[in-house]
Amino acid sequence: MRIALISFHSCPVAKLGEKDTGGMNVYVLQLAMKLGMIGHQVDVYTRTHDTSDPEVINLGVGARVVHLDAGDVDEKKQELLTHTMEFVSKITAYSEKYDLKYDLIHSHYWLSGHIGRILSSHWGSCHVATFHTLAETKLRARAGEIEPPLRAMIEKEVMDTAHGILVLTQMEVKDIRTLYGIEESKMSVIPAGVDTQLFRPRNKHLSRATVGLPQDKEIVLYVGRVEPIKGLDILLESISIVRSTRDVNLVIVGGSLDGDRELEALKSRSKELGIENDVIFTGSIGQSDVSFYYSSADVFALPSHYESFGLAALEAMACGIPIVASRVGGIPSFVKDGTAGYLIPWRCPEPFANRMEMILANNDLKAVMGRAAREIAVSMDWNKTAFHVSALYRGVMSEYMELAAI
């Protein structure tokens, strides 16, 4: 099949931890590459995020990223809806220029879903939608969350018109059914995968030397976007508690070191808590370096108020690192409480600190949990995910063609 993956607002080859880049970027990148490797032709359409980007970046056999201009490169995500029709026009012009015809469109996130819905009608192609996060779920997850007024309405329109909805967890099925009124039969659950070759257990001392982390400290690690819904304020308070009994550093991978308002707020909070010398902010980094950070850690922490899946936790598990994470969204689908780490049902620092201390203080527990984490991750390799997604595509196309023939 020739497949168009739409990732409008965020480029899959951008640095991880930058604004609007995270697990979804990894998902789109890995899915495109693996689908290409099993014989599909995959074009990932995304807006230009850097003026130095080439129009086309080859990802490997059968897969590439196509950058198209739509709005200023520095445009805020909240403003991008006004540029979706421009992006549709750019995609159709590009496809006509090179005589590209797509059997199926797979959109990622609500903005891309809006674009995918229009392209599906224009091309007469199947449309599979994956949302990664949902407005109605986010608004219920944390007080103070703000979403564009049209987002939930557009999500519902995309769900109604898409030929299939690919979700990552059974929890997402429940949310879409109860909050948007969509029949469960329209949804297929296929968990995200993990690159178990890139993310694998490595020597801790060599990993720390590679990325310049201290050898003589225990390390708690966070990897991801720096924004309020990730609960990093809770993590800082947790570390201040743990720091009273253990010689620990918190390493936060993500965000921009150049004037990121959220990151600056975290720095200020760490000073208020008296732990500014115990917190290391790395900013955003390339994915090939992330594995060394994971392998440098003793514990991976993810105190989010909401996670549609929580791919960074799965990557840490693939590196053999125990997890302490919120019991929210898709995280419980692969982090087994008491086996690969601990799940915390409360959004307050004390239980996070308690579980982190338990792992840090017991090397045998840490080793057992690390081995269990790696075993779970190996069972979720990206090759398996791509195979199941490919089968879903074929099923959706078959139903679409049957209906078209009636």
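Conditions tested, residue by residue: (1) part of a loop (DSSP other than H, G, I, E, B); (2) farther than 20 Å from Ser112 by Cα.
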position	(1), (2)
Lys156	no, no
Met159	no, no
Ile165	no, no
Ser185	no, yes
Phe199	yes, yes
Val226	yes, yes
Asp233	no, yes
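It is to be established whether one or more residues within region 327-347 are assigned to a helix (DSSP H, G or I), surrounded by 23 or more Cβ atoms within 10 Å (Cβ to Cβ) and touching a residue at least 60 places away in the same chain (Cβ under 8 Å).
First, pick out the residues of region 327-347 that are assigned to a helix (DSSP H, G or I): 331-333.
Filter once more, so that each one left must be surrounded by 23 or more Cβ atoms within 10 Å (Cβ to Cβ): 331.
This time we only want the ones that are touching a residue at least 60 places away in the same chain (Cβ under 8 Å), so: none.
No, the conditions are met nowhere in region 327-347.
Quick one: is Glu357 touching a Leu at 6+ places or on another chain (Cβ under 9 Å) and among the acidic types (Asp, Glu)?
no
Taking region 201-224 as the region of interest, how many residues are part of a helix (DSSP H, G or I) and aliphatic (A, V, I, L, M)? Result for region 201-224: 3. Condition check for Asp43 on (1) modelled with pLDDT under 95; (2) in a strand (DSSP E or B): one failure, at (1). Considering only residues in region 104-142 that are touching a residue at least 12 places away in the same chain (Cβ under 8 Å) and in a loop (DSSP other than H, G, I, E, B), the one that is farthest from Ala152 (Cα to Cα) turns out to be Ser125. Could you go through region 64-87 and let me know if any residue there is in contact with a Cys (Cβ under 9 Å, 6 or more places away or on another chain), in the same structural domain as Thr130 (by TED's automatic domain parsing) and either over 18 Å from Val158 (Cα atoms) or assigned to a helix (DSSP H, G or I) (or both). Yes, the conditions are met somewhere in region 64-87.
The values are calculated or read from the model by the stated rules, or taken from the named source; none is laboratory data. As the structure is a computational prediction, the values presented were derived from the model and not from experiment. With ideal geometry, Cβ positions are generated from the backbone for all residues, glycine too; neighbour counts draw on all protein chains shown.
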